Amino acid sequence: MNDNKQADDEVKTVKKAQKSRFGYGKIFLVALIGGILGGGIVIGGYQYYQNNSATVENSKGSTKVSNLKVNVSTQSTKAFNKIKNAVVSVEAYSESSSNDALEGVFGSNPSSGSTESEGSGVIYKKTGNTAFVVTNNHVISGADKVEILLNSGKKLRATVVGHDSITDLAVLKINDQYVKQVASFGNSDNIQVGQTALAIGSPLGSTYATSLTQGIISAKKRTIDTTDSSGMTTGQTTVIQTDAAINPGNSGGPLINLEGQVIGINSMKLASTDSSSSTSSSTSVEGMGFAIPSNEVVNIINQLVKNGKISRPALGISLVDLSYVSSSDQKSVLKLPKNITNGVVVLKVSSNSPAKSAGLQKYDVITSLGGKKVKGLASLREALYEHKVGDTVQIQYYHDGSLKTASVKLNLEATDKNTTTSSDSGN
């Protein structure tokens, strides 16, 4: 019995010693881990802190810039890079401007050498030693000297090849020595509402040259009134509407698609005053920019390069949309059938004009030209300009409520004869 008791005591002593030894082992292990986490005393821990800890050093209160590189290439960036070196600033000077470009810099005559008009343009063709630039007519209208500022910063003297006040387009030419990129035109008939559109130009002048803004196509074919320099409405035109930001100085610059193709030339930015407001406060309209469709641009600039001007056929009449005439006047004055809701109303017939020779009179309503329906001034102009001077076209119109047909031989538009913009509709 004593031997057994002695054996049991020895077993208990061994277990107690083992428990004591492992207990201290746990304490040592916890202390070791705590030391690693607290001070990063081993290489692995040190590296962990270098890669993942905050960049603020508490002892100094300083911070660092991350060395993480973000390489994001979007389709908009790719499109911009395809055309950016073809986009230019256009500077136009009047006769009163100084011929010495440095004179104004040294302050001898601060008013001389100043830019009379500044806009944008895009280089679209190189041939021989010449590069061609399209811009807006109003940017260079009346200028005695025009200069082009390339994206590289190089400034070149430009020559006006031709310009057209009705479409607000002009073509310039420069020496192609420093031209590294030219733009291509897309088909504006293929664009869709909601597609991304990018506008490039020099908003507020060449200080902000080659600025890029992004939006969408808001409308493919929007009919808006056009005005001359005096503010008088001269007719209507069909344009692309976009919400890409277009500001003064963007005029003449390209509106492009995500392939970097020019789908329009930016021409106007709508701003309206809410005259109906009882508080007489003005409201700026944002997100409504307009561009001349590329298909029309190509047609016009090719004619300008070839002939230096645009020769358009004319009817010799002044017109107004039927939609502007009240329902009561459509019935009592025009005597139209109830089912006729679209067309243009003749307000004036010029003497010795094709329309006069064909028998058209005041208050006649034209509903078809050349086999195409006429819904308003824009559609009439589109149908008319598909023909050439000297062509004979069929016109359908209502006279005193009766549908009539006439053959009209088109002559040269009055604006081309006089090289000035007529206050008539130009049809």
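No lab work stands behind these numbers, since they all come straight from the coordinates. Computed from a predicted structure; not experimentally measured. Note that we place each Cβ from the backbone using ideal geometry, even for glycine, and neighbour counts take in every protein chain shown.
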For segment 260-266, Karplus-derived ³J(HN,Hα) couplings (6.51, -1.76, 1.60; θ = phi - 60°; whole Hz; x for glycine and proline) come out as x, 8, 6, 10, x, 10, 4
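Can you give the net charge of the other residues whose Cβ lies under 11 Å from the Cβ of N151, counting K and R as +1 and D and E as -1?
+3
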Which far-off residues, 5 or more places away or on another chain, put their amide H under 5 Å from the one on K375, with H placed in the peptide plane?
L380
List the pair-distance distribution P(r) of segment 313-418, using every Cα-Cα distance, as the percent of pairs falling in each 5 Å bin from 0 up to the bin containing the longest distance, rounded to whole percents.
2, 14, 25, 27, 18, 9, 4, 1, 0
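So how much slack lies between S357 and K338, counting 0.36 nm per residue of separation and subtracting their Cα-Cα distance, in nm?
3.9 nm
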Please arrange I366, I191 by how many other C-beta atoms lie within 10 Å of their C-beta, fewest to most.
I191, I366
Given backbone amide H placed at 1.01 Å from N, residues whose amide H is under 5 Å from that of A245, ignoring those fewer than 5 places away on the same chain, are Q214
Can you tell me how much longer the chain between Y385 and K409 gets when fully stretched, taken as 0.36 nm per residue apart minus their C-alpha distance, in nm with one decimal?
7.3 nm
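Checking the table K180/K221; K173/K221; K82/K306; K125/K375; K375/K404 against a 26 Å threshold on Cα-Cα, which pairs fail?
Distance filter (> 26 Å) returns K180/K221; K173/K221; K82/K306; K125/K375.
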For segment 127-144 and segment 310-385, what is the separation of their Cα centres, given in Å?
35 Å
If you put +1 on each Lys and Arg Cβ and -1 on each Asp and Glu Cβ, how big is the dipole of segment 313-418 around its Cα centre, in Debye rounded to 20?
200 debye
Among 125-138, 239-252, how do they line up by average Cβ neighbours within 10 Å per residue, starting with the highest?
239-252, 125-138
